[in-house]
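Please read the structure below before turning to the comments.
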Amino acid sequence: MARILIIDDNRDMLKMLRMMLEKRGQHEVTTYADGQEGLEYALYEKPEVAVVDVMMPDISGYDVVKKLRNDPRTRDMGIIILTARGHPVDREAALAAGADEHLAKPVDMEALLSGIDAALHRERTPPDDAPSEHTPAPKPKPLPALVVPVFSLRGGIGVTTLAVNLATIFQQVAPTLLLDLSPNSGHAALFLGLRVQQHWGNLLAAPDTPLDSLLLQHASGLQVLAAPPAPLPQAFFSEAEIAGLLKQLEQFARICVVDMPPVLNPTARAVLAQAATIILVTGDDPPAIQTTLATVQALQEYKDRIVLVRNTLDSALHPPPDAVQRALRCPLAVDVPYDATQGAALRKGLPLAAVQPKSPMVTGMKRVVQIVLTQMKKRQ
């Protein structure tokens, strides 16, 4: 059994291929209808084989193949181009891009299974500087977890809603953990339909508590370190404790989304200092503008890491993005629109990103995820 990634903007095709490969090939199959998202998944999860469509709206299959071949993490991955374009010149283009095989639609399942098997067993040519068989290769150092705090000093602006949905989307790309740092009965676990039996408050009472015993597991694979369901006498971590906690969480996830409380105390600054990207959430009413302006000024040392996001909480008319940018004197990275179904979904413990992936609100949050992943890649 192998881990197979399929990237195709035809969702019916994705369902059919997944069903057939899991049933007949007994493979573990992950599918993406978005080429860029599928590429990011491949780079960080490194499946054994990728099956890639050519004609996609955001990035061509040939470009996906070239990027996979040019990245040392995925250059030896088995890659099959699967496309409706079946002429000899199309096969030549697929092989020139770096694919192992070119198959035409409608797909013959036996040919696809055979192509996957051949890609899995293809001999790879080691690079010139590869260690010899007598020299043990050095073990790669594990990458530190990507810490992504979602933050606002204005309460009631949808920080938890965004954090829960963003973590759900990140989980589709790489193993993700959601840390709810609210000291006053956080709601992240509730929004995911999880019952809080263990939480980080246990660490304050017993610092030697095994961390894995405190993590909640969502059906999506997302892990959650929940906030205490009620305020505790010792309500928060020290700077050293939170830095140590973030370090420990690296063993459980590649990405750590932090649902931040609306405070800028030393503990919060310790989290922000660890952050690869800070998602700063704003509204567009005068109090939100005033608070965000003050926050941007207070976070000047992190200004190159701030991704400013407007979260729209109702269906009323709102000022256009350029007006918000002028008021804030800061570029607005993403405008997340209001979605009337979001509240009902969260009340059922179902984040919108899991149940309505094409929602305009979810599309906005996917843009946030893409910005974070792009920034992370530039820093590597």
In nm, to one decimal, how far is the modelled label at I371 from the one at R18, with both set 7 Å along Cα→Cβ? 2.9 nm
Which aspartates and glutamates, if any, have their Cα less than 17 Å from the Cα of K348, not counting same-chain residues under 8 positions apart? D339
Overall form of region 3-121 per C-alpha gyration tensor (a/c, 1.5; a/b vs b/c): rounded
Cβ density ranking, 10 Å radius, fewest first, applied to L192, L216 yields L216, L192
Long-range tail of P(r) for region 232-380 (Cα pairs > 21 Å, %): 53 percent
Equivalent-ellipsoid semi-axes of the chain, from the Cα gyration tensor, Å, largest first: 39, 25, 20
Would region 35-87 count as rounded, prolate or oblate if I go by the C-alpha gyration tensor, calling it rounded below 1.5 in a/c and otherwise prolate when a/b exceeds b/c, oblate otherwise? prolate
Starting from the Cα gyration tensor of region 298-378, take the square roots of the eigenvalues, sort them a ≥ b ≥ c, and report rounded, prolate or oblate (rounded when a/c is under 1.5, otherwise prolate if a/b is larger than b/c, else oblate). oblate
If we sort 7-18, 42-53 on the protection proxy, mean other Cβ atoms within 10 Å, highest first, what's the order? 42-53, 7-18
Would you mind computing, in nm to one decimal, how far apart the modelled labels at V355 and D285 are, each placed 7 Å from Cα along Cα→Cβ? 2.6 nm
Among the listed pairs K23/K66; K46/K67; K46/K66; K15/K358, which are separated by more than 21 Å between their Cα atoms? K23/K66
Can you give me the pair-distance distribution of region 140-271, C-alpha pairs, 10 Å bins, whole percents? 13, 48, 35, 4, 0
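Throughout, read-outs are computed from the coordinates displayed, never taken from laboratory work. Everything numeric in this text was worked out from a predicted model, so none of it was measured. Methodologically, a virtual Cβ is constructed for each residue, glycine included, from the backbone with ideal geometry; neighbour enumeration extends over all protein chains shown.
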